Amino acid sequence: MASWRRGPALRLWAAVFLLDLAFCKGQVEDLDDSFKENRKDDIWLVDFYAPWCGHCKKLEPIWNEVGLEMKSIGSPVKVGKMDATSYSSIASEFGVRGYPTIKLLKGDLAYNYRGPRTKDDIIEFAHRVSGALIRPLPSQQMFEHMQKRHRVFFVYIGGESPLKEKYIDAASELIVYTYFFSASEEVVPAYVTLKEMPAVLVFKDETYFVYDEYEDGDLSSWINRERFQNYLTMDGFLLYELGDTGKLVAIAIIDEKNTSVEHTRLKSIIQEVARDYRDQFHRDFQFGHMDGNDYINTLLMDELKVPTVVVLNTSNQQYFLLDRQIKNVEDMVQFINNILDGTVYAQGGDSILQRLKRIVFDAKSTVVSIFRSSPLMGCFLFGLPLGVISIMCYGICTADADGGYIEERYEVSKSEPDDGPESEESQEPPQPRGGASPLPAPQGPKDVLEKKKD
């Protein structure tokens, strides 16, 4: 009876779920070749996908949620998706090189999304890029609101100037990563001290830094370096992004599930250095921690013990390991200073030898991972080719042996006609027993002819 009652409820739940799924999909438009002509009238957030791509299938439900959310909040951004294999000419025109590729198309401009593939991050990207390139901050209340909302943002303070033109150029390139604002000097918080105007500032980590053209170089490069918080929870994607900054990355490799003193102490030391020495190191160093050593071992082609500290140079794939035991903040500061003055040996790099080592390491890792995940598949993939090669080698070896035997037989048979007459001449007819006279020799054809003539 209870199961009979549950039946209609389950069917109703399934119907509601399917209806909700269909509604979410309805907010994402399937685009075709007509999109090329009609897209400039609107702002589009497009997912270029391939039907066979596993990452594309994983993104599909998230993309449906993005479409529903953008529609519900009344965003001017339209959400669509395009099969890049069916419309390859349009996809190549937009520079699609892999799947999935997310782009925001705004007039003649196309912005690539390179962040985490989560609903909130994608929607944040769409809001940031679809709006004004430089957003004005007209009041202190608005300024304070932006500080609470954004962990990192940049502000230009002042009027028209060559610096503002450089700021606009940098914003057009880096708007995909962070926010850009402009404000007057009266709007800036009272704790901000400016030596000269105009100025560009970055606000992050509950403080601010002022751009100095002589010390920091190119404005776009400085913005690209400073768009991260000073301390981060690291992963593979973030390390890849940090490669463009040119900074060294000091990472505490720990096990977050392990609450022992050694693990928590190293993490705390890195956090204290990032906070208390930010003015000294923020131009050259990025700080953070990573849970587990699997990724870092693959990156370094080495086996690091946990917990430990490693400093990465992501621009040239070099790394520095501890030359001392880190007991306190002072030890860590000394280790960083030794790296800066060149007294710590740099390992790794991108030399030809390291590249060859990387090829061998990747091949070995691939083979091991295949056998660990599916031993039968590994035996099939590697056993079958080895078996075929073994059979071919055996066939070649046996063919060589048979060829030599046949050649030897041929030489022997070739020499027999030459030796035949000489052997016949050397042989004497056998003598009969008992002293009997020898039998007459058989007459040859020549004797027979002579008798006939007689």
Margin query: Whether any residue in region 120-128 is over 27 Å from LYS40 (Cβ atoms) and not in a loop (DSSP other than H, G, I, E, B) is what I want to check.
Written below: yes
Check: Any idea how many residues of region 311-351 are of a type outside the set (S, T, N, Q), part of a loop (DSSP other than H, G, I, E, B) and under 25 Å from PHE237 (Cβ atoms)?
Finding: 3
Next item on the list: Give the number of residues within region 284-310 that are open to solvent by less than 60 Å² (accessible area, probe 1.4 Å) and part of a strand (DSSP E or B).
Entry: 9
Notebook entry, point to check: Failed condition for SER92, given (1) small (Gly, Ala, Ser); (2) in the same structural domain as PRO51 (by the TED database); (3) under 22 Å from ASN224 (Cα atoms), with all others met?
Noted result: (3)
Item checked: Selection within region 186-214 - acidic (Asp, Glu) and under 42 Å from the mean Cα position of the chain (by Cα) -> ASP205, GLU206, ASP212, GLU213
Check: VAL96: out of contact with any His (no Cβ under 8 Å at 6 or more places or on another chain), assigned to a loop (DSSP other than H, G, I, E, B), free of Cβ contacts under 8 Å to residues at least 60 places away in the same chain and of a type outside the set (Gly, Ala, Ser), yes or no?
Finding: yes
Margin query: If LYS357 satisfies all but one of (1) of a type outside the set (Val, Ile, Thr); (2) at pLDDT 85 or above; (3) within 25 Å of the chain's Cα centre (by Cα), what's the number of the condition it fails?
Written below: (2)
Check: Here are some residues: THR343, THR314. Which one is at pLDDT 80 or above and closer than 20 Å to GLY292 by Cβ?
Finding: THR314
Note to self: Here's a check for you: in region 203-232, which residue that is free of Cβ contacts under 8 Å to residues at least 12 places away in the same chain and in a loop (DSSP other than H, G, I, E, B) is surrounded by the most Cβ atoms within 10 Å (Cβ to Cβ)?
What the structure shows: ASP212
Next item on the list: Go over the candidates GLN347, GLN318 one by one and state the one that is more than 20 Å from the chain's Cα centre (by Cα), open to solvent by 20 Å² or more (accessible area, probe 1.4 Å) and not small (Gly, Ala, Ser).
Entry: GLN347
Next item on the list: May I ask you to say which residue of PHE143, PHE153, PHE181 is surrounded by 15 or more Cβ atoms within 10 Å (Cβ to Cβ) and under 31 Å from the mean Cα position of the chain (by Cα)?
Entry: PHE153
Next item on the list: Mind listing whichever residues of region 189-202 are closer than 16 Å to TYR179 by Cα and either open to solvent by 30 Å² or more (accessible area, probe 1.4 Å) or touching a Lys or Arg at 6+ places or on another chain (Cβ under 9 Å) (or both)?
Entry: VAL200, VAL202
Next item on the list: Determine whether ILE269 is part of a helix (DSSP H, G or I) and crowded, with 20+ Cβ neighbours inside 10 Å.
Entry: yes
Notebook entry, point to check: Residues of region 251-301 being farther than 16 Å from LEU232 by Cα, of a type in the set (S, T, N, Q) and modelled with pLDDT of 90 or more, which ones?
Noted result: GLN280
Next item on the list: From the list LYS58, LYS103, LYS25, pick out the single residue that is surrounded by 11 or more Cβ atoms within 10 Å (Cβ to Cβ), part of a helix (DSSP H, G or I) and at pLDDT 90 or above.
Entry: LYS58
Notebook entry, point to check: How many residues, within region 172-185, are touching a residue at least 40 places away in the same chain (Cβ under 8 Å) and part of a loop (DSSP other than H, G, I, E, B)?
Noted result: 4
Next item on the list: Please indicate, with yes or no, whether at least one residue in region 350-365 is crowded, with 16+ Cβ neighbours inside 10 Å, on the phi < 0 side of the Ramachandran plot and of a type in the set (A, V, I, L, M).
Entry: no
Note to self: Is it the case, given these coordinates, that ARG117 is at pLDDT below 90, of a type in the set (Lys, Arg) and in contact with a helix residue (DSSP H, G or I) (Cβ under 8 Å, 6 or more places away or on another chain)?
What the structure shows: yes
Next item on the list: Identify all residues within region 61-87 that are open to solvent by 40 Å² or more (accessible area, probe 1.4 Å) and either in a loop (DSSP other than H, G, I, E, B) or farther than 19 Å from ASN38 by Cβ (or both); write none if there are none.
Entry: PRO61, ILE62, GLU65, LEU68, GLU69, SER72, ILE73, GLY74, PRO76, THR85, SER86, TYR87
Next item on the list: Kindly provide the set of residues from region 237-266 that are open to solvent by less than 20 Å² (accessible area, probe 1.4 Å) and assigned to a helix (DSSP H, G or I), ordered by number.
Entry: LEU239, GLU241, LEU242, HIS263, LEU266
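The values are calculated or read from the model by the stated rules, or taken from the named source; none is laboratory data. The shown structure was predicted, so the numbers you read here are calculated from the model rather than taken from an experiment. Glycine also receives a Cβ, built like all others from the backbone with ideal geometry; neighbour counts cover every protein chain displayed. Each accessible area value is taken on the protein alone, full model and side chains, heavy atoms only, with ligands, DNA and RNA left out. Shrake-Rupley method; radii C 1.70, N 1.55, O 1.52, S 1.80 Å.
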